[in-house]
Amino acid sequence: QGTQELIYNVSAVYLKVQHLTALEQVYGARIASLEAQEERVRLLRQVGKAAKLDQLKIAGLLTKARYERLQVVNRRAEAGTLLYQLMGMERPAQDVTLAHYRAAAVPAFSLERLRHEADAQRPELKIAEQQTAAGKAREAIARGERLPSVSVVGAYRERAGSDTDYFDDWNVGVQLAVPLCDGGVRRARVDEAALARAQAEQAAAQTRLEVAKQVQDAWDAHAESEARLTVTATSVEEAGETLNIEKLKYDQGVGLITDLLNAESALLAAQADRLQAGFDLIVTRFNVLRASGVLDPERAATLVVPDSGAAKEEKKP
């Protein structure tokens, strides 16, 4: 169980670093666009074709974007440190490039198969079954102490006779012990063992319910993340088209700078949502395997494929 938790955490934090790196690039593009607009408005103000209010609006958004990018950079640094801690390594002085991944094709998940694997593989269920079996055994032992016991006893010795002669002396018998009065000690032991067995059975039933719920929740979260990725991709396309229209209107002098800035903000939000949805999709797939008790490095690797189109940092590992 600890191994699967470690695999899940390492994988999730690794992908979080990748997600924050991409988000930082999105904010970088946003800042570059705002800086270009700020310069353009400054030039237009010199010829009296732009208001000071437009410049102030852009400056405010630019300050906010720079601050938000700084937050993303700090979060990425924290995630990188956590990643090395999970790997049991000291973080190097200079960051290395992490290979980028994206979600692989939809895996052949089946809810019934996941439930079957969870019943067979989840460590908590195995522990609960062993505790229940141990409780039944202790109860059987306690009940056995109240029953009559039959023992076979025997002894053998050589007894000295006259001169140097020795005689065999042996006996064999059966001993029956019947507990008649023990002050209720044995009955109390039986009751205590029966209660412990019942508690173990109830704990096992609760564990089965919790495991079933975790499997169902992981299944639902994966389905939701797939739908969300599709929706966010559509939102990015729509926000991009809206931004192009607002840029064209503003260039032709029939648009407002406020509408243009709002369109850029909407595109930034849509891009951030899509990046988050891509991260959530892979992580929910990891969680499906973890909930089923079958998360290992080999199966985790089948859920992602290298993303050759992702931006790379300058230094390679």
(message) Could you check segment 217-268 and list, in sequence order, the residues that are under 30 Å from GLU129 (Cβ atoms) and without any contact (Cβ under 8 Å) to a residue 40 or more places away in the chain?
(response) ASP220
(request) Just give me the residues in segment 247-261 being over 42 Å from the mean Cα position of the chain (by Cα), open to solvent by less than 40 Å² (accessible area, probe 1.4 Å) and not small (Gly, Ala, Ser), in sequence order. (result) TYR250, ILE257
(request) Being of a type in the set (A, V, I, L, M, F, W, C), in contact (Cβ under 8 Å) with a residue 12 or more places away in the chain and farther than 26 Å from ALA269 by Cα is the filter; apply it to segment 51-104 and report the residue that is surrounded by the most Cβ atoms within 10 Å (Cβ to Cβ). (result) LEU83
(request) Would you mind telling me which numbered condition in (1) exposed (fewer than 15 other Cβ atoms within 10 Å of the Cβ); (2) farther than 18 Å from ALA104 by Cβ; (3) within 22 Å of the chain's Cα centre (by Cα) LEU195 fails? (result) (3)
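Yes/no per residue for (1) surrounded by 15 or more Cβ atoms within 10 Å (Cβ to Cβ); (2) touching a Leu at 6+ places or on another chain (Cβ under 6 Å):
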{"position": "THR242", "(1), (2)": "yes, no"}
{"position": "ILE245", "(1), (2)": "no, no"}
{"position": "ALA263", "(1), (2)": "yes, yes"}
{"position": "ASP273", "(1), (2)": "yes, no"}
{"position": "ASN287", "(1), (2)": "yes, no"}
{"position": "SER292", "(1), (2)": "yes, yes"}
{"position": "ALA301", "(1), (2)": "no, no"}
(request) Determine whether segment 203-221 contains at least one residue that is crowded, with 17+ Cβ neighbours inside 10 Å and more than 30 Å from the chain's Cα centre (by Cα). (result) no
(message) Any residue that is open to solvent by 50 Å² or more (accessible area, probe 1.4 Å), assigned to a helix (DSSP H, G or I), of a type in the set (D, E, K, R) and over 30 Å from GLU264 (Cα atoms) - is there at least one of those in segment 230-238?
(response) no
(message) I need every pair where a residue in segment 198-209 that is modelled with pLDDT under 95 has its Cβ under 6 Å from the Cβ of a residue that is of a type outside the set (A, V, I, L, M) and buried (at least 16 other Cβ atoms within 10 Å of the Cβ), sequence separation at least 6 or different chains.
(response) ALA200/GLN131; ALA200/THR132; ALA200/GLY135; GLU201/THR132; ALA204/THR132; THR207/GLU124
(message) Condition first: free of Cβ contacts under 8 Å to residues at least 60 places away in the same chain and surrounded by 15 or more Cβ atoms within 10 Å (Cβ to Cβ). Now tell me which residues in segment 33-49 satisfy that.
(response) GLU38, ARG40, LEU44
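Does segment 103-125 contain at least one residue that is polar (S, T, N, Q) and either part of a strand (DSSP E or B) or in contact with a strand residue (DSSP E or B) (Cβ under 6 Å, 6 or more places away or on another chain) (or both)?
No.
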(request) Collect the residues in segment 101-126 that are over 10 Å from GLY293 (Cα atoms), touching a helix residue (DSSP H, G or I) at 6+ places or on another chain (Cβ under 8 Å) and at pLDDT below 90, keeping them in residue-number order. (result) VAL106, PRO107, PHE109
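The values are calculated or read from the model by the stated rules, or taken from the named source; none is laboratory data. Model, not experiment: these values are computed from the prediction. When we count neighbours, we look across all protein chains shown, and the Cβ atoms used for this are built from the backbone with ideal geometry, even at glycine. Remember, those area values only see protein heavy atoms, side chains included, never the ligands or the DNA or RNA. Shrake-Rupley method; radii C 1.70, N 1.55, O 1.52, S 1.80 Å.
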